[in-house]
Structures are given as C-alpha cells and as structure tokens.
Amino acid sequence: MQKNKIKVHRGDITKLEVDCIVNAANTQLLGGSGVCGAIFDAAGWHEMAEACTTIGICETGEAVITPGFNLPAKYVVHAVGPIYDNSRNTSELLKSAYLQSLWLAEQSGSSSIAFPLISAGVYGYPKEEAIDLAHEAIHSYQQESVAPISEIIICAYSDEDYELLTNKTRIFYTSQK
Ligand code: AR6
C-alpha cells in the first residue's frame, strides 16, 4: 500500500479485523450511543466499562487505549472529539483526536487502524467538514511519522457517508464495499 493512501470501508467498525479500532468517546469514557455503544456491546460492555473507568477522564482532543476484549480488533483507542461549533479551536481539537489516536496506535505496535467519523454523529459536525479534518490529520501524521501505520481505514456507516468519503478527494480509494 502506498504511504498516503487511506481506505474507505462501508460497514460496521466493530466487525473489522484490524489491529486497532477507534471509538468516538466522551470525556467520561462512559458507554454511550452511536459507534460507542456498538463498540462497548461488541467488546463486552462490562469489561470495556471497567477498563474505561480505571482510566478515568480523557480530555477533548485526546485519546486513550484499552484492549479490544471480545472484538476482532486487539485494541480500542477511545478518542474524544469536540461538540461542533464553527470555531478554529474546534477544528484543531478534532484533528488532535485523530492525531493522538494514530500516535497511540503506532506506539501499541498496530499496523492497521480503522476510524469512524469522529464527532460527525451526536456531536453534530457537518460530515464534509469532519471528513476534510480527518483527511488533514491523517495526512499530517503520515508526513511526520518515521514508520507510519501502513493501513489506515475510515469507516462509513451509511451509503451517504460512503459516497461523501469516496467522492471527496483523490487521496481516498474504495475497498470492501
Ligand atoms: N460503525 C462505524 N461507524 C458508526 C457505527 C458503527 N457501528 N455506528 C455509528 N457510526 P457518534 P460523535 C458512525 O454519534 O458524534 C456517544 O454517545 C455515525 O454514523 O457515534 O463523536 C459517545 O459516547 C457517525 O458518522 O459519535 C459520545 O458521548 C460516527 O460514527 C458521543 O456519542 C460518529 O457518530 C460522541 O458523538
């Protein structure tokens, strides 16, 4: 795979056989709705909740890592994106959530990682803007890392997200529809 390619996967992130999946978490690291609920359910709610409670709090724009428990993925990175408002600081926080996730996954020895569209559900980020920021953050990680994670996937949970992700820019290419 070429260094700057990003895969787009249409489907449920909890089913992916990658080293690491990313959860769109909240600062309390509590099981919630959306992708967070799906990840807690598939991992085993009790074990995941216990691991998250032990860690405590994760600030917005930051990320923490736990095992994947019953998931096919070895690890879950819990990244806290911002609640949408139209400010530069919010964009920086969203990019930071992606970057921190990538660095944590790299440190864990992961060679594949899958992201949901962080903040683009309950937290209200407009999809196109969220996709652009994800793209910028991943690209800057790929430039900065000496040995970047070789397989980076963004997961589209609806046909609309899949179309947006694959149409958005030439850097994306499709896989596994
Ligand atoms: N696989 C892949 N993507 C999914 C899945 C799935 N199984 N389920 C939903 N998505 P959201 P946020 C997509 O709301 O906006 C939670 O309660 C979904 O279509 O899960 O960051 C947390 O605990 C959307 O594009 O996360 C926080 O409190 C994307 O995942 C809060 O919501 C993110 O939507 C975080 O809100």
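Data overview
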read-out	value
Given (1) farther than 25 Å from residue 160 by Cα; (2) surrounded by fewer than 19 Cβ atoms within 10 Å (Cβ to Cβ); (3) touching a residue at least 24 places away in the same chain (Cβ under 8 Å); (4) not small (Gly, Ala, Ser), number of the condition residue 126 does not satisfy	(1)
Hits in the range 130-140 (condition: under 15 Å from the mean Cα position of the chain (by Cα) and either surrounded by fewer than 20 Cβ atoms within 10 Å (Cβ to Cβ) or assigned to a loop (DSSP other than H, G, I, E, B) (or both))	132, 135, 136, 139
Any hit, the range 36-43, residues being within 11 Å of the ligand (Cβ to nearest atom) and in contact with a Lys or Arg (Cβ under 9 Å, 6 or more places away or on another chain)	yes
Filtered residue count, the range 141-153, keeping only those that are in a helix (DSSP H, G or I) and out of contact with any Phe, Trp or Tyr (no Cβ under 8 Å at 6 or more places or on another chain)	3
Condition met for residue 177 (modelled with pLDDT under 95, open to solvent by 60 Å² or more (accessible area, probe 1.4 Å) and in contact with a helix residue (DSSP H, G or I) (Cβ under 6 Å, 6 or more places away or on another chain))	no
Within the range 13-114, strands (runs of 3 or more DSSP E) holding 2 or more residues that are open to solvent by 20 Å² or more (accessible area, probe 1.4 Å) and β-branched (Val, Ile, Thr)	63-67
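The values are calculated or read from the model by the stated rules, or taken from the named source; none is laboratory data. This is a predicted model, so every value here is computed, not measured. Note that we place each Cβ from the backbone using ideal geometry, even for glycine, and neighbour counts take in every protein chain shown. Accessible surface areas use protein heavy atoms only, side chains included; no ligands, DNA or RNA. Shrake-Rupley method; radii C 1.70, N 1.55, O 1.52, S 1.80 Å.
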